[in-house]
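Have a look at the structure below before the remarks.
The values are calculated or read from the model by the stated rules, or taken from the named source; none is laboratory data. As the structure is a computational prediction, the values presented were derived from the model and not from experiment. Counting neighbours? That spans all protein chains shown, and the Cβs are built from the backbone with ideal geometry, glycine included. Remember, those area values only see protein heavy atoms, side chains included, never the ligands or the DNA or RNA. Shrake-Rupley method; radii C 1.70, N 1.55, O 1.52, S 1.80 Å.
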Amino acid sequence: MNTDSHSSIDIRRILELKNIAVVGIPVNPTTSEVLGRKSYPKVSDVSEQIDIVDVFRRSEDIPPVVDDVIKKKGIKVFWMQSGIYNEEAERKAKENGMDVVYNRCMKVEHGLLFD
């Protein structure tokens with residue numbers, strides 16, 4: 001699986017954003033709290049501003065996630081973790097003004113660029 005075409009400079013700029021919703025962990029319909037923080041069933045239920053949605057779901061499960069993310073205004077980046085990519089989701093996110101990162105681990109990228 002390929003990765004997106006972002007340069008290191010592009011990824012660094014994205015990682016400077018601060019408000020991240022993680023789908024599959026704190027945004028999870030099966031729990032109300034994760035590590036002492038409130039969990040939400042879906043991204044569109046989060047009342048706070050979100051800059052990046054970081055998705056830990058199987059590639060085939062991504063389309064309903066992006067459909068929900070589109071409902072939440074102001075999201076700048078739709079990030080699919082390592083091993084995850086869905087072409088339909090990429091297209092929809094881009095059509096709705098989001099940058100799309102895929103098949104990359106946010107933690108690894110952060111370590112490479114900031115540590």
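Residue count for the stretch 6-45 under the criterion of being open to solvent by less than 50 Å² (accessible area, probe 1.4 Å), touching a Ser or Thr at 6+ places or on another chain (Cβ under 8 Å) and not in a loop (DSSP other than H, G, I, E, B): the result is 1. Considering only the stretch 51-60, I want to know if a residue exists there that is farther than 17 Å from Asp4 by Cα, of a type outside the set (S, T, N, Q), out of contact with any Phe, Trp or Tyr (no Cβ under 7 Å at 6 or more places or on another chain) and part of a strand (DSSP E or B). Within the stretch 51-60, not a single residue is farther than 17 Å from Asp4 by Cα, of a type outside the set (S, T, N, Q), out of contact with any Phe, Trp or Tyr (no Cβ under 7 Å at 6 or more places or on another chain) and part of a strand (DSSP E or B).
Among residues of the stretch 50-83 being within 21 Å of Arg12 (Cβ to Cβ) and of a type in the set (A, V, I, L, M), the one that is nearest to the chain's Cα centre (by Cα) is Val53. Can you tell me which condition Glu33 does not meet? The list is (1) of a type in the set (D, E, K, R); (2) touching a residue at least 24 places away in the same chain (Cβ under 8 Å); (3) over 16 Å from Ala89 (Cβ atoms), and all the others hold. Exception for Glu33: condition (2). Select, from Val100, Val66, the only residue that is in contact (Cβ under 8 Å) with a residue 60 or more places away in the chain, at negative phi, outside any loop (DSSP other than H, G, I, E, B) and buried (at least 17 other Cβ atoms within 10 Å of the Cβ). Answer to the check: Val100. Exactly one residue out of Glu48, Glu87, Glu95 is exposed (fewer than 12 other Cβ atoms within 10 Å of the Cβ), more than 23 Å from Met1 (Cα to Cα) and among the charged types (D, E, K, R): that is Glu48. Look at the stretch 69-97 and say how many of its residues are more than 18 Å from Pro41 (Cβ to Cβ) and either in contact (Cβ under 8 Å) with a residue 24 or more places away in the chain or hydrophobic (A, V, I, L, M, F, W, C) (or both). Adding up the residues that qualify gives 17.
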